[in-house]
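Computed from the coordinates by the stated procedures, all read-outs in this text should not be read as laboratory data. Given the structure is predicted, the values throughout are model-derived calculations rather than measurements. Cβ atoms come from the backbone with ideal geometry, glycine included; neighbour counts cover every protein chain shown.
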Amino acid sequence: MSFLDLLANFELGKSWEGCVTIAHEGQRMKRVQLVARTHAMEEQRRARCILHDITDIDPPAPLLDAAALRLVAGASGTGVGLVGLDWGVIYEWLSAPAAPLDRWVEERPEIHPEDLSTFEAACRRMCIDSDQESVEMRVRFEGDQWVDTIVELELATRSTPPQGIIRVTPIGR
């Protein structure tokens, strides 16, 4: 949570160091030591990170809640992830989206410039008083065409940092 707080309360030059558990290659859990520093690049907020896999000396504790969420998400047939609402980034996928959005698990798509403000506004409303939001937006991955996508957000917590569950589905598939 403190790493997410670094991103949520973005200040240039701040840093964070600690250990986190992440899903890797499908749903295999890994324990990593992470060092992060915030900076700006082309007017965008960024965090540069160095990861060191320490799974062999500090294995991740079983996360029953995450395992249960993955089972439910996998049964839904849609892409389900956890999203930091104050910065709008999916930080963990519980189940992969359907093609052609399946690349989202490995790479971050570009959101169409005309749709970005709509998505950001939905995330801001979730931080303040909304429990659910749904937006249509176009996304594309490098070398691909725009994909019309339904994005559904549901509030998980407004505590710092606010988090939600995100479902992404390609329209017409």
Which whole-number value in Å³ per residue fits the convex hull of the alpha carbons of region 89-145?
97 Å³
Can you compute the FRET efficiency between GLU120 and ASP53 using 1/(1 + (r/R0)^6), with r the Cβ-Cβ distance and R0 = 25 Å? Round to the nearest 0.05.
0.15
Integer Hz, Karplus 6.51/-1.76/1.60 couplings in order for region 47-60, x for Gly and Pro
10, 8, 10, 10, 10, 10, 5, 10, 4, 5, 9, 9, x, x
Sorting check: for 46-56, 148-158, which peptide has the highest mean count of neighbouring beta carbons within 10 Å, and how do the rest follow?
148-158, 46-56
